[in-house]
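K.L.:
This structure is in structure tokens; I'll ask about it shortly.
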Amino acid sequence: MKKLYIAEKPSVAQEFAKALKIRAARKDGYLEGEEAVVTWCVGHLVTMSYPEVYDASYKKWSLATLPFLPENFLYEVIPATKKQFKVVSTLLNRKDIDVIYVCTDSGREGEYIYRLVDQMAKVPDTKKKLRVWIDSQTEEEILRGIKEAKDLKEYDNLAASAYLRAKEDYLMGINFSRLLTLKYGNSISNYLNTKYSVVSVGRVMTCVLGMVVR
């Protein structure tokens, strides 16, 4: 049986292979040695689906379909990174891999990136999943993180927080961007003498723009 180490970036995956002294052959999207496999997520591989995936009627922006508040959220593989998702998904479900070390960045976003992949890949709970939490990519820190890795379930609250933050961002962006565009888009277009204008609203973006304006 082999262990799988899943990092967030290819460069970090290389550091893990180096620290573990894995004599790994470079494959397409991963490194494989005699006892371990190292792969990466290249940032986000999975994202939340747009409203029109829930219902085709949502493709047209209309006040009648607002607010958009789905009971169950849908997710999908990002087309641009579909190839790497397939690589990671196959490795996560390989029968000769019994332990998965989650080595994505130590934080809410890193946790979210792995959990989405795990969810979409339908990784069975029979596999042992351990969370590596490190502050840097030095060999000493990597080895310490692997040695002290805790059960992934101990980070469930962090994952729940990440999912909630993503849903808040999504709902805010979708609903307020559509609402303000429908209400004020024409006025802005007339003022700027453009064909059309979209008012984009975001949890972080809108605050930063406000600061720039002030």
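The values are calculated or read from the model by the stated rules, or taken from the named source; none is laboratory data. Fair warning: this is a prediction, and the values are worked out from it, not measured in the lab. Here Cβ is always computed from backbone atoms with ideal geometry, including for glycine, and neighbour counts include all displayed protein chains. What goes into the accessible areas is simple: the full protein's heavy atoms, side chains included, and nothing from ligands, DNA or RNA. Shrake-Rupley method; radii C 1.70, N 1.55, O 1.52, S 1.80 Å.
K.L.:
Regarding residue 136, is this residue closer than 30 Å to residue 4 by Cβ, touching a helix residue (DSSP H, G or I) at 6+ places or on another chain (Cβ under 9 Å) and in a helix (DSSP H, G or I)?
P.N.:
Answer is no for this residue.
K.L.:
Identify all residues within the stretch 164-206 that are open to solvent by 80 Å² or more (accessible area, probe 1.4 Å) and part of a helix (DSSP H, G or I); write none if there are none.
P.N.:
164, 168, 176, 183, 184, 186, 190, 191, 192, 205, listed by residue number.
K.L.:
Taking the stretch 112-144 on its own, how many of its residues are under 17 Å from residue 39 (Cβ atoms) and among the acidic types (Asp, Glu)?
P.N.:
1
K.L.:
Please go through the stretch 104-118 and give me each residue that is in contact (Cβ under 8 Å) with a residue 40 or more places away in the chain and either open to solvent by less than 60 Å² (accessible area, probe 1.4 Å) or touching a strand residue (DSSP E or B) at 6+ places or on another chain (Cβ under 7 Å) (or both), ordered by number.
P.N.:
Listed by number, the residues that qualify are 104, 105, 110, 111, 112, 113, 114, 115, 116, 117.
K.L.:
Tell me the residue from 122, 128 that is open to solvent by 80 Å² or more (accessible area, probe 1.4 Å), within 23 Å of residue 84 (Cβ to Cβ) and touching a residue at least 24 places away in the same chain (Cβ under 8 Å), please.
P.N.:
Selected residue: 122, the only one of 122, 128 that is open to solvent by 80 Å² or more (accessible area, probe 1.4 Å), within 23 Å of residue 84 (Cβ to Cβ) and touching a residue at least 24 places away in the same chain (Cβ under 8 Å).
K.L.:
With the requirement that a residue be assigned to a loop (DSSP other than H, G, I, E, B), hydrophobic (A, V, I, L, M, F, W, C) and either open to solvent by less than 40 Å² (accessible area, probe 1.4 Å) or modelled with pLDDT of 95 or more (or both), what does the stretch 25-72 give you?
P.N.:
Residues satisfying the conditions are 41, 45, 61, 66, 68, 69.
K.L.:
For the subset of the stretch 133-149 comprising residues that are without any contact (Cβ under 8 Å) to a residue 60 or more places away in the chain and open to solvent by less than 50 Å² (accessible area, probe 1.4 Å), which member is farthest from residue 44 (Cα to Cα)?
P.N.:
Within the stretch 133-149, the match that is farthest from residue 44 (Cα to Cα) is 141.
K.L.:
Do any residues in the stretch 54-80 that are within 19 Å of residue 183 (Cβ to Cβ) have Cβ atoms under 6 Å from those of residues that are surrounded by fewer than 14 Cβ atoms within 10 Å (Cβ to Cβ), where the two are at least six apart or on different chains, and which pairs are they?
P.N.:
From residues that are within 19 Å of residue 183 (Cβ to Cβ), the pairs are 58/52.
K.L.:
Quickly run through the stretch 1-14 and pick out the residues that are open to solvent by 60 Å² or more (accessible area, probe 1.4 Å) and either at pLDDT 95 or above or within 21 Å of the chain's Cα centre (by Cα) (or both).
P.N.:
3, 9, 11, 14
K.L.:
Would you say residue 106 is among the hydroxyl-bearing types (Ser, Thr, Tyr) and assigned to a loop (DSSP other than H, G, I, E, B)?
P.N.:
In short, yes.
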